[in-house]
Every structure is written in structure tokens, then in C-alpha cells.
4 protein chains.
Amino acid sequence: MQVDLNADVGEWSAGSGDNLGDIDLFRLITSANVACGFHAGDAEVMRRTIRAATRANVVVGAHPSFRDREGFGRREIAATPQEIYDDVLEQVTVLAGIARTEGVALRHVKPHGALYNTGAKDRSRAHAIVSAIAAFDPKLLLIAPPASALVSAAVEQRLRVIAEGFADRSYQPDGSLIPRDVEGAVIHHPDAAARQAVRLAVEHIVIARDGTRIPLQVETICVHGDTPEAVAIASAVRRALEHAGITVTAST
Amino acid sequence: MQVDLNADVGEWSAGSGDNLGDIDLFRLITSANVACGFHAGDAEVMRRTIRAATRANVVVGAHPSFRDREGFGRREIAATPQEIYDDVLEQVTVLAGIARTEGVALRHVKPHGALYNTGAKDRSRAHAIVSAIAAFDPKLLLIAPPASALVSAAVEQRLRVIAEGFADRSYQPDGSLIPRDVEGAVIHHPDAAARQAVRLAVEHIVIARDGTRIPLQVETICVHGDTPEAVAIASAVRRALEHAGITVTAST
Amino acid sequence: MQVDLNADVGEWSAGSGDNLGDIDLFRLITSANVACGFHAGDAEVMRRTIRAATRANVVVGAHPSFRDREGFGRREIAATPQEIYDDVLEQVTVLAGIARTEGVALRHVKPHGALYNTGAKDRSRAHAIVSAIAAFDPKLLLIAPPASALVSAAVEQRLRVIAEGFADRSYQPDGSLIPRDVEGAVIHHPDAAARQAVRLAVEHIVIARDGTRIPLQVETICVHGDTPEAVAIASAVRRALEHAGITVTAST
Amino acid sequence: MQVDLNADVGEWSAGSGDNLGDIDLFRLITSANVACGFHAGDAEVMRRTIRAATRANVVVGAHPSFRDREGFGRREIAATPQEIYDDVLEQVTVLAGIARTEGVALRHVKPHGALYNTGAKDRSRAHAIVSAIAAFDPKLLLIAPPASALVSAAVEQRLRVIAEGFADRSYQPDGSLIPRDVEGAVIHHPDAAARQAVRLAVEHIVIARDGTRIPLQVETICVHGDTPEAVAIASAVRRALEHAGITVTAST
């Protein structure tokens, strides 16, 4: 049994100082979703993040967002599918180009924040996201929630999907995430996150806040990188997975 | 004998998290230079910074920059005086408007980074900076290096100047700062910064790196807010000044 | 009988050339809504637009938008009321500051595009928009659609409202505008726009696309400034209004 | 005898309307330098520009700039070579990615404005520009002024150079361009531009403003796309070249 462990990284700016806090995470995760400048990051940060991830044998992918630095990509924008196609294309292409000059090939794309959420539900937007990825490179993988509009679009366009679960987010009984602005949406305790990760990897279920057991078949588990307890959580999750006999390794 | 203690604050982004690290500084300084969005900051950060500073009885001013978030305002841009006038005006006016809705009036303006440096030397740019401030509100004070082009321009346009020295920057024998990219430009040790601050406040001199004693008549002393040791330095400087019998208080 | 004639102006960028096409409009309208940099415009454009409008005796106001240059402010963003408050405040304050250095006081604020539409319907967002204006200067007037959430919020916060009708937009039977992406939303023929303007000013009605006569009490009529036929339409509207015995003059 | 005819295109924004004025140029030129978003353009404009150019059999390349929309890339920024490397890489890579999804490969890179000028003179910056291009794709060609630092850097790094002359810019006796802010820097008359183009293509000289005949061996001739007379000039240049027996065709 094996599982991939992914985190969002490169979500800072070079201008404001030398803050490669992601480095501790790289010893723990197996896949990194690198911000592409629309919600965070810039060319220097991308290059340094790709370099640090690769040095730590972490596989890298793009983490495109709505164009919204002010809102950190967490606000839905009433963009047309064509605008979303252009935005995703621009971001994937920049990150791929920078990676290429570092001798690295992108493995996957995982939409960020509001783009991930809208892509999970809205068929025409999911189609736009997947089309941009496939047009650029049909061998890229897509990290997406199981049974989402993104998965359907990827199947149609023959993009391979890596289904994702979250170690440190609470779920609703219907299998969707509790929105971030709801109390209890984010799991802050390392042990609770570790338990949820093991359940996902071993039993292929998640327990919703009301106790419902939801079957959830995932290949990768996300741990967050942008909270104060990020490293503690990633560390607890990794240890618990290995203790449960799961091999933590990047999907291919 | 008295001196003002100032620091640059609000140099972060609301989007990327809840990081009001400036709060510890506000217990130590008497004047705060608030970033206006061109090199760092945004409306939410400005509002929260003004509120926190005011609550701590710290006087606030604007800290305008070249439009350069990528370079954190540290890179000179070949802007015309008219462009510099527009840029300064836009920044001062935004911060003043946000302050006004918080019931706060700006006391001063201190140019940031490359704008401060070019204004210190270039007469037409100094004139543009001072003109924008005076056009907006002739009662604003200007924080500037002693005997600089900014001071001359302010005298011409009847803007009151608060001459500034630095506790934690090294000086050249001609009284100018050693550029940031030169080894030793920034003083990291709290005791060394405290000694330099006391010398500035009591003896009105600074000792250049080669040992030269430079007379420097200043009303305000800057401590940096953006380094890991910022609070330790500000704390050592404040204690040393008070121990030397100097009243630390905002100039008016 | 009298009516105000307003248009959105300053919706271009100084960087890309010397394009003050608004100048022809200024001979025809009585109020100008000046873009504040979030959907279009910059400090230089604002200054030049205010100057040109004032020289032509056109009263100026702010035209704040969602932060969305890519979408020209026409895309709704899922911003919180607090973010909208900050965005409106930042824009009004910049334009007011630049106007002040030109010796000009703003008369009014008219939200742009998606912000106007969301403010017309959403009570908490309307409240945020009006609060930002009132906090900055309670003497500013608000241009808004009649009987909208913006009007209710303005009444609550004692901001005077100037109700607005459109000469060159088609209406739905419920009195709302036909969305821009629907065929026939924009009236391109000067005569048709002129007829609608006269009906609004004299009979206080508008005729919806299905023939319904909708009572609409407005004090100002908007003509668009960003279409090829803008000047022809504004010119026909102005002539028709004056021919019908209406005095075209800015509301106060 | 043959020569390439190039112009800068895609220097507008999709948000502000549907302005593909470049289309007339595409019937006249053989190579297009497409803005990459830093001084003008955006993903939609890039895509539409690449599509229109390709449909007209015009070869496309990247036109990277300093990050400066306010100054249209005409202002030098005191960026480090590493920052310039990152900026060029980001721009070339975005344009190449968008081109790739249109089934188009970039042929060349031509730096824009202040980046072109600084690259012509400054060896370390020229090195940074060329390194970014070569790291991304060593088969890209570089359009640069003859005998410039850019040419030296390209020779060192084995990038093929297409030397460039200007039909509609005046030259100094040393072979450099008269700066844009000097009266007479830009040639507005189609006949004068056409004569200069023919001289460049046939006699391999240019006549400086003081009458000096300067030998200038060029493979491509630039006509400007952003002036009111752009199409008239390009048309006159093309006709004159063909009339003189020169084949106008893209270099390879």
C-alpha cells in the first residue's frame, strides 16, 4: 500500500526577504504544488522552490489560481471559461519554463483555492482548466477531488487524475470540504490530522464532522504548508502513515 | 534632550496571513512610517497598522516608494520627476485617506529605499517628492537625511524637516550610508546599534567605518523593523537612550 | 425641469500613449465619473482627466471598481464587505487627493461595473460601499440606481443619492438593466438613446424591451464614454434634452 | 538580396476593448515581436496576436521588458542581472507556452525599450538576457543592435543573432539611436523611413543626423507599430524595398 503526500509551497514573495520556510516541509512530503505568481510567488521564488524541492527528491507541479494576490486566490471571480483557460495556461507555462531551465519537468497541476473549488463543481470551468493543461502538455497529471467535475473533464480529455484527500481539513457528510470561513474547517492538531490521513490511506474513508463515514478513494493526501503548525502536522502525518505500513511515495 | 525613534512598518500583505509582527515594535518606537502599497502593504494592512500604532500612541506617517513590489522599492527606476510626483501623491493620499477614516492625521512623510536615496542626491527628484507632499498638505513634516537635496527642496517649499540618523546602518566618511549590498552595511548587534543611537542623540556624531567622527545633527533615529533582530535592536536602543537621560518622544 | 448628464471617463492608461479621447465628451456632459486605477486609469490619467473636466466645467466624482484590470471591473469577485470597504476607500481617497492638489473637490461617487451591479442588489455589500464613502467624506453624493440596495444603505447612513437612468442601455420589465452579454443590452443608435433620455427626463419613465412602461424617477442620465459612437450618442442626447426644454446641469 | 521586416505587436490590453489594430501590420511585416505582459499585453492578447500573426504567415518572437506597465517598459530599472534573468525567462516562457498551445514555435526574442538599450551597452545585463534565452531554448534567435553587448553575449553563448536596424528612428554618428525624448528621434514621414530602409538593405549604411554615413550590416529592419502613422510607414517601407529588388522575408 502506498500514498503520495502533497503540500502547497512557494507561496511567498522574494521582495520581502529570504523566507524559504518550505524547506522543512520538503523532508516530509513527496509532491509539491508550486504557486505560479497569481495568488503568491514570483519567478525568483518559483526557481528557488523548484530547486529546493528537487534537491529533496520532491516531485513538483503547478498550483495555478485566479489572478488575486489581494485575496490569496481564495475569492471566486466571475471569470469566463476562456479567461480561466488563459489564466491556467499562463501559470502552468511559466512554472514549466522555469522548471525546464532547472532541468526539471513538471509532473502535475493542482488548482488553488477558489479555482479548485469552482473546478470541483462547475463543468464548464472544469473543462477550461483541463483544456489548458492538456493543450500545454497532455502528459501532465491533475490533482483533484474524487468524483468532481474536474475528474469528469480530465477523463473526457484523457488527462490522468490523482484523486486527493485532506489530512487537515474537515469534511461535510456529502464528501465536500467544510468551507474555510466556518469554525472547525481546518484541523490544527497534528494527531487528529495523522489519524485522518491513516484512515484515508488504509481504510479509504474519511469521517465527517457529524460522524458519517464517507468512502473516499484517494492517491494523494494534502497537508497544508501555510499554517504555524504545518511542519508539526506534516511530520505527524508522515510518521503515522509509515507506522501503519504505508509507503509514502510520489504517484506517477 | 529628546529624540524621536522611527521605524518602517506595514511592510507585509494581508492576503498571505495574519502577521502583525509590528506590534512589538510599537511599544518601543515613537513614529511609524507606514508602507503605502507600492513596495509593500495594502489597504487592509494600512488600516490595521494605523490602528495598532495609534493605540500604542505611536505617531504615523507615509512611507512612499517607487512602484516596485518585486524589488521591495530598493531598485532605482528611471522615472521622470512628474512620474515621481504622481507616485508620491498617490501613496500619501491613500494613506492619509485611510488614516482619516480611523480618525488619525498623518504627521510626516519619509520616502522609502531607492526613493529616499535618490531624493537625497538628485535635486529635481527631491523637488518632485517635496512638491507632491506640499501640494497635498503643506503641514506634513518630511523625514530626510541631514544636508540632503530633500532638505534643500523642503526649505525652498517651506516644509518642516525632521533630520534622520540610523542606529543600525553603517556610515561612510562623507556621512552617507554604506549601500545595503556591501558587507557590514547593516548593524545586527543590539549593543552596537544602541551605542550609535546614543552617540547621535547626545554627541550629535556618528563614527564611520574607518573611525572618522562625523557631526550629524538629527531629530529622529531610525531602527529597522524588517530584520529578525528588529525588536531586540529597538529595545536596546530605547533602553540605552533613556539610560543616557534622553527623552524618547515624537517630534512635532 | 433639469437633469444631469454623466459619463465614465479616465478609463485608459498613460503608459500606452496620449489618448485623452474624453475631451470631446466634456463639452457635452455635466458630471464625470473618473476611474481610480482598479479597473483602468493611473495617477497621471486621473490628474489629466480631472484637469480637463474641470476646465470644461464638468463636475468630477470617483468611479471605484473591484480590483480587476484584466476584466475591466466587469467581473464579480467574491470579496467580503470588509474588502469592498477597503477597496472603495482606497480608490475614493486617491482620486480625492489628486483632485485636491488640482484645487478640485469631488462631488460624488459612482461604483463601476460589477461593483455597481452587486451594490444594487446585495445589502451587506451596499452597506460596505456606502460606509467607506461616508467614513471618508459624508458630504459626497452617491450615484446609484433608483430603489436599489445602494439607495437604502445611503438613506440609512445619510448620504445624499442622485438616482440614475441610462440613455444607452436596455431595461428589463422589472426596471433592471439587461446584462451586457445579452444581445441588445447596449443601445448603439444615437436617436434611440436620445428618445430614451427625453422620456426619462420629461415623463420619468423608461420603456422596457417588451414594451412595458416603467416609472423611473432619476436625476442624472448616463451616457457611455467607451464606445466608438460615444460622442455621437452624448451629442444627440444633449441636443434632444435641450430641445425638449430640459436644462442640462449638474445636480448639487 | 533579402531582408526581414519586424514590428512590436500585442502592446494593448484585452480588458479595455477589442483593439487588434496590429492586423493591418501583419500584411506588411515578416516578423512580429509580441509583448509578454510586463510592459503591455496579457494572455488573451498574446494568444490572439500569435493567432493573427500566424494566419498572415508572420513569424513570431517574444518581446520581453522590464516589469513596468506604468512606464511602458521605457524606464531603466536598477535590477540585478539575476532579476533580469528571471524577468526574461518568465516572459519568454509564457509566450512560448501560449504559442505552443496554438501549434506555433517562437523563432526569436527581441528585448523591449529600456531592456534593449541597457542590453546593448551593459555586459553583465546582456549576459543575463542571453543566458535566460539560452537556458530556455538555445535554438531561439536574438534580435539585437549590431556590435552591441547583446551580440557579444550571444556569440559567447552560441545564440544566433539577427542584427537589426530601424527604418523610422534617427541615428547618432556613433551608430546608436537618438534617445526617444530628443526632438527628431522618431521619423514620422513614410518616405524618409522608406529611404532609410532601402539604404540599410542595399547599401548597408545609415545616414546619421549630422550627415555621417555609418556602415550598418543588418538582417532585419524594424518599423514601429504603436504610432498613428505605423501602417503608412510599414507600407511605404515594404513597397520601397520590393521596388529596389529586395526580397522581404523572415530570416531563419
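The values are calculated or read from the model by the stated rules, or taken from the named source; none is laboratory data. Bear in mind that the values here come from a model prediction, so they are computed numbers and not experimental data. For neighbour counting, all protein chains shown are included, and Cβ atoms are generated from backbone atoms with ideal geometry for every residue, glycine included. Protein only, heavy atoms only, side chains kept; ligands, DNA and RNA dropped before computing areas. Shrake-Rupley method; radii C 1.70, N 1.55, O 1.52, S 1.80 Å.
Computed values, structure above
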read-out	value
Any hit, region A:32-46, residues being in contact with a Lys or Arg (Cβ under 8 Å, 6 or more places away or on another chain) and either open to solvent by 20 Å² or more (accessible area, probe 1.4 Å) or at the interface with chain D (Cβ under 10 Å from one of its Cβ atoms) (or both)	no
Residue in region A:214-225 that is within 19 Å of the chain's Cα centre (by Cα), farther than 22 Å from A:SER176 by Cβ and surrounded by fewer than 18 Cβ atoms within 10 Å (Cβ to Cβ) present	no
Qualifying residue in region A:186-198 (condition: touching a Ser or Thr at 6+ places or on another chain (Cβ under 6 Å), surrounded by 21 or more Cβ atoms within 10 Å (Cβ to Cβ) and under 26 Å from A:GLN2 (Cα atoms))	no
Positions within region B:149-158 being open to solvent by less than 10 Å² (accessible area, probe 1.4 Å) and out of contact with any Phe, Trp or Tyr (no Cβ under 9 Å at 6 or more places or on another chain), in sequence order	B:ALA153, B:ALA154
Residues satisfying the stated conditions in region A:86-101, i.e. open to solvent by 40 Å² or more (accessible area, probe 1.4 Å) and touching a Ser or Thr at 6+ places or on another chain (Cβ under 7 Å)	none
Residues located in region D:229-252, provided they are of a type in the set (Val, Ile, Thr) and part of a helix (DSSP H, G or I)	D:VAL231, D:ILE233, D:VAL237
Close pairs (7 angstrom Cβ cut-off, 6 or more residues apart or separate chains): free of Cβ contacts under 8 Å to residues at least 24 places away in the same chain in region A:219-244, surrounded by fewer than 23 Cβ atoms within 10 Å (Cβ to Cβ) anywhere	A:GLU242/A:VAL248
Checking A:THR80 against (1) closer than 18 Å to A:ALA43 by Cβ; (2) open to solvent by 10 Å² or more (accessible area, probe 1.4 Å), the condition it does not meet	(1)
The lone exception for D:GLU203 - which of (1) without any contact (Cβ under 8 Å) to a residue 24 or more places away in the chain; (2) within 30 Å of D:GLY41 (Cα to Cα); (3) of a type in the set (D, E, K, R) it fails	(2)
Pair list, Cβ < 8 Å and 6+ apart or interchain, from region C:87-102 residues that are closer than 13 Å to C:LEU140 by Cα and touching a residue at least 12 places away in the same chain (Cβ under 8 Å) to residues that are assigned to a helix (DSSP H, G or I) and of a type in the set (Ser, Thr, Tyr)	C:LEU89/B:THR101; C:THR93/B:THR93; C:ALA96/B:THR93
Residue pairs meeting the criteria (Cβ under 6 Å; at least 6 apart or on separate chains; first at pLDDT 90 or above, in region D:179-197; second β-branched (Val, Ile, Thr) and surrounded by 12 or more Cβ atoms within 10 Å (Cβ to Cβ))	D:ALA185/D:ILE178; D:PRO190/D:ILE233; D:ALA193/D:ILE187; D:ALA193/D:ILE233; D:ALA193/D:VAL237; D:ALA194/D:VAL237; D:ALA197/D:ILE221; D:ALA197/D:VAL237
Matching option when the condition is of a type in the set (Gly, Ala, Ser) and within 10 Å of chain C (Cβ to nearest Cβ), among B:GLY10, B:GLY103, B:GLY113	B:GLY103
A:ARG239, sole failed condition from (1) touching a helix residue (DSSP H, G or I) at 6+ places or on another chain (Cβ under 8 Å); (2) open to solvent by 50 Å² or more (accessible area, probe 1.4 Å); (3) under 29 Å from A:PHE72 (Cβ atoms)	(3)
Answer residue from region A:54-77, given it is of a type in the set (A, V, I, L, M, F, W, C) and within 16 Å of C:ILE84 (Cα to Cα) and is surrounded by the fewest Cβ atoms within 10 Å (Cβ to Cβ) among those	A:PHE72
Sole exception among (1) touching a residue at least 12 places away in the same chain (Cβ under 8 Å); (2) facing another protein chain (nearest Cβ under 10 Å) for B:GLU83, by number	(1)
Some residue of region D:87-98 being within 14 Å of chain A (Cβ to nearest Cβ), touching an Asp or Glu at 6+ places or on another chain (Cβ under 8 Å) and of a type in the set (S, T, N, Q)	no
Filtered residues of region B:47-64 (kept if within 14 Å of another protein chain (Cβ to nearest Cβ) and in a loop (DSSP other than H, G, I, E, B))	B:PRO64
A:ARG74, sole failed condition from (1) more than 14 Å from chain D (Cβ to nearest Cβ); (2) over 30 Å from C:ARG75 (Cα atoms)	(2)
Test: A:LYS139 is within 14 Å of chain D (Cβ to nearest Cβ) and either surrounded by fewer than 18 Cβ atoms within 10 Å (Cβ to Cβ) or touching a strand residue (DSSP E or B) at 6+ places or on another chain (Cβ under 7 Å) (or both)	yes
Scope region C:206-218; condition touching a residue at least 40 places away in the same chain (Cβ under 8 Å) and either over 22 Å from C:PHE26 (Cβ atoms) or charged (D, E, K, R) (or both); matching residues	C:VAL206, C:ILE214, C:LEU216, C:GLN217
Residues being over 19 Å from B:ARG47 (Cα atoms), crowded, with 21+ Cβ neighbours inside 10 Å and hydrophobic (A, V, I, L, M, F, W, C) - total across region C:114-134	3
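Here's the yes/no breakdown for (1) within 30 Å of C:ALA193 (Cα to Cα); (2) modelled with pLDDT of 95 or more:
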residue: C:LEU5; (1), (2): yes, yes
residue: C:GLY17; (1), (2): no, no
residue: C:ILE23; (1), (2): yes, no
residue: C:LEU28; (1), (2): yes, yes
residue: C:ALA32; (1), (2): yes, yes
residue: C:ILE50; (1), (2): yes, yes
residue: C:VAL58; (1), (2): yes, yes
residue: C:PHE66; (1), (2): yes, yes
residue: C:ALA79; (1), (2): no, yes
